[in-house]
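Below is one structure, written out as structure tokens; the observations come after it.
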Amino acid sequence: MTAAGRSFTGHRWGRQYASGMPLVRPASPADVVAIARIYGAAVHTSVATFDLTDPPNIYWERKIASDECGDHVLVIEDGTGVVGFAYSAAFRPRPAYAQTRETSVYVAPEAVGVGLGSLIYLQLLSLLREDGMHLAVAVIAQPNPASVALHEKLGFELVGTLQEVGRKFDRWVDTGWYQLPLER
Ligand SMILES: CC(C)(COP(=O)(O)OP(=O)(O)OC[C@H]1O[C@@H](n2cnc3c(N)ncnc32)[C@H](O)[C@@H]1OP(=O)(O)O)[C@@H](O)C(=O)NCCC(=O)NCCS
């Protein structure tokens, strides 16, 4: 079941954020503009994503609409609106990968460093455990000390590096491959 079909009302997380605290919830199509803005900042200023141009809104709409087990798009709101999102998607399309999910998280530049990334990512990982997913994989283009710190804090371990696998801003970029077993 996709997160879009779930309500967090009455959930342990919903209670935790009930009084003015940041709220994490499944994304809806109405969130695409905010998601695209946050992602666009990473596209145009960093190697955090290997996209070189903004993906069309339909890219996010399809992710939000996915009903594949283990696929989720979550957003995190503070008093100003949506300030971050996290998502999980198929690692690779072959069926033997069905219980592995690639995960990612983006926080708006004006909202980084106050714990929102940890908050939303923890909830994404919790959903993956509820779904019976076995392994989360995160691919972190280097350098990205904030993302490395976040993933290591949540238990991900570096299992390998692909050297010069991408090219952005006129330089070769390495990717660190991080994994987190979800059933331990
Ligand atoms: C990576 C990102 C999601 C982290 O979100 P965040 O809300 O700033 O993260 P948090 O505030 O929850 O911090 C998580 C941990 O990382 C550490 N951290 C955050 N920024 C850091 C930085 N620039 N350098 C080193 N450590 C950093 C924090 O201290 C914290 O650890 P602690 O709780 O032990 O102190 C955010 O920086 C971001 O969106 N970056 C651009 C997009 C991106 O790189 N996404 C990841 C793609 S792989």
From the option list Thr45, Thr80, single residue qualifying as loosely packed, with under 15 Cβ neighbours inside 10 Å, among the hydroxyl-bearing types (Ser, Thr, Tyr) and within 23 Å of Ala149 (Cβ to Cβ) is Thr45
When segment 47-82 is checked residue by residue, the ones that are over 16 Å from the mean Cα position of the chain (by Cα) and among the polar types (S, T, N, Q) are Thr53, Asn57, Thr80
Scan segment 153-172 residue by residue and report those that are touching a residue at least 12 places away in the same chain (Cβ under 8 Å) and either in a helix (DSSP H, G or I) or away from the ligand (no atom under 12 Å from the Cβ) (or both).
-> Lys153, Gly155, Glu157, Leu158, Val159, Gly160, Thr161, Leu162, Gly166, Lys168, Phe169
Within segment 105-114, identify whether any single residue is modelled with pLDDT of 95 or more, closer than 21 Å to Trp60 by Cβ and touching a Leu at 6+ places or on another chain (Cβ under 6 Å), and answer yes or no.
-> yes
Considering every residue within segment 89-100, establish whether at least one is crowded, with 21+ Cβ neighbours inside 10 Å and modelled with pLDDT of 95 or more.
-> no
Going through segment 136-152 one residue at a time, which ones are more than 6 Å from the ligand (Cβ to nearest atom) and part of a loop (DSSP other than H, G, I, E, B)?
-> Gln142, Pro143
Filter result for Tyr121 (part of a helix (DSSP H, G or I) and surrounded by fewer than 16 Cβ atoms within 10 Å (Cβ to Cβ)) | no
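I'd like to check which strands (runs of 3 or more DSSP E) are fully inside segment 56-107 and have at least 1 residues that are within 16 Å of Leu154 (Cβ to Cβ), without any contact (Cβ under 8 Å) to a residue 40 or more places away in the chain and of a type in the set (Lys, Arg).
Hits in segment 56-107: 100-107.
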Residue list for segment 108-118, filter: in contact (Cβ under 8 Å) with a residue 40 or more places away in the chain and within 16 Å of Ala149 (Cβ to Cβ) | Leu116
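The values are calculated or read from the model by the stated rules, or taken from the named source; none is laboratory data. Here the structure is a predicted model, which means the values were calculated and not measured. Reconstructed Cβ throughout: ideal geometry from the backbone, glycine too, with neighbour counts over all protein chains shown.
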